[in-house]
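Notes follow the structure.
The values are calculated or read from the model by the stated rules, or taken from the named source; none is laboratory data. Owing to the predicted nature of the structure, the values given are computational and were not obtained by experimental measurement. So basically every Cβ, Gly included, is an ideal-geometry build from the backbone, and we count neighbours across all protein chains shown.
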Amino acid sequence: MAEGRIRKIIHVDMDAFYASVEQRDDPSLKGKPVAVGYPEKRGVVAAASYEARQFGVRSALPSTTALRKCPDLIFRPPRFHVYKAVSRQIHEIFADYTPLIEPLSLDEAYLDVTENLRGIATASATAKEIRARILAETGLTASAGISYCKFIAKLASDFRKPNGQYVVPPEMGEAFVEALPVTKFYGVGPVTAAKMHSLGIQTGADLRTQPLEVLQRHFGKSGPWYYEIARGRDERPVRPDRERKSSGSETTFSEDLVEPLRIEQGVLAIADDVWAWCERTGARGRTVTVKIKWADFQQATRSQSFPLPVDGRTKLHEASLGLIRSVFPPPKGVRLVGVTLSNFAVASVANDLLSDDVPMAAVQ
């Protein structure tokens with residue numbers, strides 16, 4: 001990367017993290033298709049090894065579908081306490097190179113190494129050393145994207161997966177973005193991508209041709225963001241104090257439920273998970289949201305905001321029950337419920353990357 005005021009940003013992304021940990025800890029799984037999750041009828045794949053991905057197995061895929069695609073698929077139950085412990089190891093390695101670390105999840109983070117602690121001349125060499133240390137100390141591989149901004153660094157980390165790295169220097173940033181389909185852009189989900197496609201926007205190059213006012217008209221507050229990234233521009237800093245905006249959990253029932261009492265029991269169990277995180281971090285939020293996924297996979301949400309933060313498990317229970325009861329009697333079976341607490345009152349305590357804020361497995 002060029003010297004001077006140009007930033008040096010690395011996006012480190014572990015390779016098939018959960019599944020790779022399982023293969024590391026059980027050598028008999030090496031080279032075999034592995035899925036983290038439960039093979040039960042209502043189970044969902046949380047992660048898949050690269051061997052499984054060759055058959056089209058991906059995270060969030062129903063377990064039954066995954067087994068149809070790959071009959072030899074081996075399921076392993078998730079061990080989040082192990083994944084979090086490994087993630088801590090990895091972040092300790094990051095801290096040897098820079099204090100500017102912005103975690104995105106257990107298995108990925110941005111690093112600003114413009115002035116790295118070890119005095120390594122280039123970001124590429126820094127990323128190579130970090131990846132080598134991760135392999136030596138954890139037995140796992142990582143990929144990295146290196147660029148002058150966060151948006152492009154994250155895109156670049158996919159280019160040499162697994163166990164590789166890719167550099168996009170400033171002079172190549174705009175061309176790099178232009179060549180990619182918008183479906184590859186971080187932050188452009190299926191709904192937004194479909195809307196872009198309806199406007200004739202298929203690639204970064206297509207996006208770049210759109211005037212700012214057109215993007216604002218169709219995408220609102222996101223319009224200026226799309227305008228900037230189409231030109232390879234992203235001035236967001238790497239923020240080690242990135243605020244946690246919400247904490248939530250959800251569960252998929254072993255069968256579609258219509259009995260209000262059983263649905264309420266599921267909601268209360270999830271609310272307990274959320275409150276356990278609040279107790280551990282000290283975070284308190286004012287907005288409670290309940291998510292419902294129906295048997296036909298349609299989704300609904302119900303939210304309630306309070307003048308003061310929710311200050312106890314009982315109040316979270318009451319709010320969650322009030323929200324789920326607003327859809328009773330359920331018009332169809334309930335497949336999944338979730339509870340989220342947001343609108344935090346104390347942002348500084350909401351940066352606990354290694355929390356238990358993960359979707360629960362199917363309730364048996």
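Values as computed for the structure displayed
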{"read-out": "Qualifying positions in segment 66-81 - outside any helix (DSSP H, G or I) and either touching a residue at least 12 places away in the same chain (Cβ under 8 Å) or within 21 Å of the chain's Cα centre (by Cα) (or both)", "value": "Cys70, Asp72, Leu73, Ile74, Phe75, Arg76, Pro77, Pro78, Arg79"}
{"read-out": "Filter result for the condition that a residue is touching a strand residue (DSSP E or B) at 6+ places or on another chain (Cβ under 8 Å) and more than 27 Å from Tyr110 (Cα to Cα), over Leu67, Leu29", "value": "Leu29"}
{"read-out": "Residues located in segment 246-265, provided they are in a helix (DSSP H, G or I) and touching a helix residue (DSSP H, G or I) at 6+ places or on another chain (Cβ under 9 Å)", "value": "Pro260, Ile263, Glu264"}
{"read-out": "Out of Val188, Val238, Val214, sole residue that is among the hydrophobic types (A, V, I, L, M, F, W, C), outside the structural domain of Ala16 (by TED's automatic domain parsing) and in contact (Cβ under 8 Å) with a residue 60 or more places away in the chain", "value": "Val238"}
{"read-out": "Residue that is nearest to Lys332 (Cα to Cα), among those in segment 284-299 that are surrounded by 13 or more Cβ atoms within 10 Å (Cβ to Cβ) and out of contact with any Pro (no Cβ under 9 Å at 6 or more places or on another chain)", "value": "Ala295"}
{"read-out": "Criterion (of a type in the set (Asp, Glu), touching a Gly at 6+ places or on another chain (Cβ under 8 Å) and surrounded by 16 or more Cβ atoms within 10 Å (Cβ to Cβ)) met by exactly one of Asp234, Asp273, Asp206", "value": "Asp206"}
{"read-out": "Val290 vs. criteria closer than 18 Å to Glu259 by Cβ, in contact with a helix residue (DSSP H, G or I) (Cβ under 6 Å, 6 or more places away or on another chain) and of a type in the set (A, V, I, L, M, F, W, C)", "value": "yes"}
{"read-out": "Breaking point among (1) surrounded by fewer than 18 Cβ atoms within 10 Å (Cβ to Cβ); (2) assigned to a loop (DSSP other than H, G, I, E, B); (3) at pLDDT below 95, for Gly220", "value": "(2)"}
